[in-house]
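Presented below is the structure to which this report refers.
The values are calculated or read from the model by the stated rules, or taken from the named source; none is laboratory data. Everything quoted here is computed from the prediction, not taken from an experiment. When we count neighbours, we look across all protein chains shown, and the Cβ atoms used for this are built from the backbone with ideal geometry, even at glycine. Quick note on the areas: whole protein, heavy atoms, side chains included, nothing else; ligands and nucleic acids left out. Shrake-Rupley method; radii C 1.70, N 1.55, O 1.52, S 1.80 Å.
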Amino acid sequence: VTAEYALGQCADPVFSLADGAEFEHSNQEVSIAWNNDGVLRYTLDGSDPTAESPIYEGPFSFSESVVVKAKVFSDDFFDSSVVTASLTRVWVNVATPVVTAASSFTGSKTQVSLSCETEGATIRYTLDRSEERSHSTKYTGPFYVTDSCTVKAYAVMPDYLNSEVATFAIEK
């Protein structure tokens, strides 16, 4: 007769981000806590951890949606349950630029300023009514227009979706 005895069951691991959590930017960090009564192993592909899965050695980062699963394995205790955290990347748009200018003018020129609420965003614009983005001018400061035009501006920033296009007509 053979019997297997254990001193109890390993406590379930706990994620620093709750199952179902959403995050907006790349390099999101997650950590896993457990009471060190065994070896903590985890997966990032949604499969259940096995004795061959990577050993948890500390917080790790990821940039896209991921399903993290963790389980504590022990020779002295029954293994813990598999704990899951589905973490979802939510993409955020850069704020739409604001065009500040007179809608009409009678002199030789009028000043145009562009701004964006998303700090650090790069604004690009055209004056020829096109939305051609590959040839858009990078905004570096206020500029002047001398004729009727349509200002089309959008903003970009790494780790964000491009903004909507702002359109502003100026008549001479």
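Kindly identify segment 1-96 as rounded, prolate or oblate by the Cα gyration tensor criterion: order the square roots of the eigenvalues as a ≥ b ≥ c, call it rounded if a/c is under 1.5, otherwise compare a/b with b/c, prolate if a/b is larger, else oblate. Could you put the intermediate results ahead of the total?
On the way: a/c = 3.18, a/b = 3.01, b/c = 1.06.
Judged from the Cα gyration tensor, segment 1-96 comes out prolate (a/c at least 1.5, a/b above b/c).
From the Cα gyration tensor of segment 71-172, with a ≥ b ≥ c the square roots of its eigenvalues, which class applies: rounded if a/c is under 1.5, or else prolate if a/b is larger than b/c, or else oblate? Can you show the working numbers first?
Values: a/c = 5.07, a/b = 4.67, b/c = 1.09.
Prolate, since a/c reaches 1.5 and a/b exceeds b/c.
What is the spin-label model distance, in nm, from ALA51 to ALA102 if the labels are put 7 Å beyond Cα along the C-beta direction?
8.2 nm
GNM, the chain, Cα, under 10 Å: largest mean-square fluctuation among ALA153, ALA18, ALA70?
Taking springs between Cα atoms under 10 Å, the residue moving most is ALA18.
With only alpha-carbon atoms counted, please give the Rg and Dmax of segment 99-139, in Å.
12.2, 35
Exposed loop GluC sites (Glu not before Pro) only (DSSP loop, at most 14 other Cβ atoms within 10 Å): please give the longest stretch of the chain free of them, not including the sites. Intermediate results must be reported in sequence, preceding the final value.
On the way: sites that count: GLU4, GLU24, GLU52, GLU57, GLU64, GLU117, GLU119, GLU131, GLU132, GLU164.
Here the longest segment lacking exposed loop sites spans 65-116.
Give the relative contact order (percent, whole number) for the chain; include only Cα pairs under 8 Å separated by 6+ residues. Don't skip to the answer; put the middle values down first.
On the way: 407 pairs, mean separation 34.8, N = 172.
Across the chain, relative contact order equals 20 percent.
Using a cut-off of 19 Å between alpha-carbon atoms, which lysines can reach LYS109, once sequence neighbours fewer than 8 places away in the same chain are excluded?
The reachable lysines, counting only those whose Cα sits under 19 Å from LYS109, are LYS152, LYS172.
Among DSSP bridges having both ends in segment 1-137, what percentage is antiparallel? Round to the nearest 5. All intermediate terms of the calculation are to be shown ahead of the outcome.
On the way: 20 of 24 bridges.
Roughly 85 percent of the DSSP beta bridges within segment 1-137 come out antiparallel.
Spin-label point model (7 Å from Cα, Cβ direction): what's the ASP76 to ASP19 distance in nm?
Modelled inter-label distance: 2.9 nm.
Would you kindly state how much longer the chain becomes between GLU64 and THR84 on full extension, computed as 0.36 nm times their sequence separation minus their alpha carbon distance, in nm to one decimal?
Details: separation 20, 0.36 × 20 = 7.20 nm, distance 1.64 nm.
Full-extension gain reported as 5.6 nm.
Over the chain, with the other protein chains present, what is the accessible area per residue in square angstrom, probe 1.4 angstrom? Please report the intermediate quantities before stating the final value.
Numbers: 10130 Å² over 172 residues.
About 59 Å² of surface per residue is accessible.
Taking 37 °C and 0.692 mPa s as the conditions, I'd like the Stokes-Einstein D for the chain in µm²/s, using the Kirkwood hydrodynamic radius from alpha carbon pairs.
Values: Rh = 20.3 Å.
Using the Kirkwood radius from Cα pairs, D works out to 162 µm²/s.
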